[in-house]
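For reference, the structure discussed in these notes is given below.
The values are calculated or read from the model by the stated rules, or taken from the named source; none is laboratory data. Every value quoted in this text rests on a predicted model; they were computed, and no experiment measured them. Quick reminder, even Gly has a Cβ in these numbers, built from the backbone with ideal geometry, and neighbours come from all protein chains shown. When the accessible area is computed, the model is the full protein with side chains, heavy atoms only, and any ligands, DNA or RNA have been set aside. Shrake-Rupley method; radii C 1.70, N 1.55, O 1.52, S 1.80 Å.
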Amino acid sequence: CKSSVVSFGHAVFAWLGADRLICHLVSSSPGNVSIQVSNNCIEFSNAAVTEILSTQRIHYFYPADTRLNAKTVVTVVGVGFDHVSTTGCLFGGYQAQSNVMSSTLIHCNVPKILVPAAVRFSVSIGGQSLKMNGNNIFEYLPP
């Protein structure tokens with residue numbers, strides 16, 4: 001244990017002063033975590049609970065529509081898709097197969113439906129729905 005930097009689980013803390021530190025989380029899922037710190041590696045502070053927010057974001061997706069009989073793949077463009085184990089795409093109430101292509105791209109196979117409709121499109125990673133900039137409506141157009 002070093003006096004200037006303390007490694008604790010999946011985080012690295014750097015002391016900025018007697019009453020401040022900065023924390024860099026190397027890998028963690030969104031949610032609440034309990035953190036304790038020490039300047040001597042023997043005595044630790046009372047646990048502080050902090051919330052880890054998702055760094056994964058969707059910027060946009062395309063195309064935003066398809067013909068009813070067409071085979072279509074929606075490309076989702078965003079950030080933070082690397083090291084992702086499970087993804088899901090939802091078109092209205094229909095779950096779709098998805099594949100992470102890179103840290104910035106996910107492909108979603110559009111499920112077929114029988115009648116024209118405008119549905120809400122969403123993407124989840126590890127069961128957490130991602131925030132999406134702008135419109136999240138996907139349209140099924142007549143053939």
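Annotations for the structure displayed:
- Enumeration of residues in the stretch 90-109 that are under 12 Å from I58 (Cα atoms) and modelled with pLDDT of 90 or more: T104, L105, I106
- If you go through the stretch 76-89 and keep only what is out of contact with any Lys or Arg (no Cβ under 8 Å at 6 or more places or on another chain) and under 20 Å from Y60 (Cβ atoms), you end up with V76, V77, F81, D82, V84, T87, G88, C89.
- Pair list, Cβ under 9 Å, 6 or more apart: the stretch 70-83 residue in the same structural domain as L114 (by the TED database) and among the charged types (D, E, K, R), other residue surrounded by 13 or more Cβ atoms within 10 Å (Cβ to Cβ) and at pLDDT 95 or above: K71/N109; K71/V110
- The stretch 116-129, subset at pLDDT 95 or above and aliphatic (A, V, I, L, M), residue nearest to P142 (Cα to Cα): A117
- The criterion of at least 2 residues that are open to solvent by less than 30 Å² (accessible area, probe 1.4 Å) is met by the following strands (runs of 3 or more DSSP E) wholly inside the stretch 60-143: 73-79, 87-91, 105-109, 117-125, 137-141.
- Note on the stretch 94-120: residues that are free of Cβ contacts under 8 Å to residues at least 24 places away in the same chain, small (G, A, S) and more than 13 Å from L68 (Cα to Cα) total 2.
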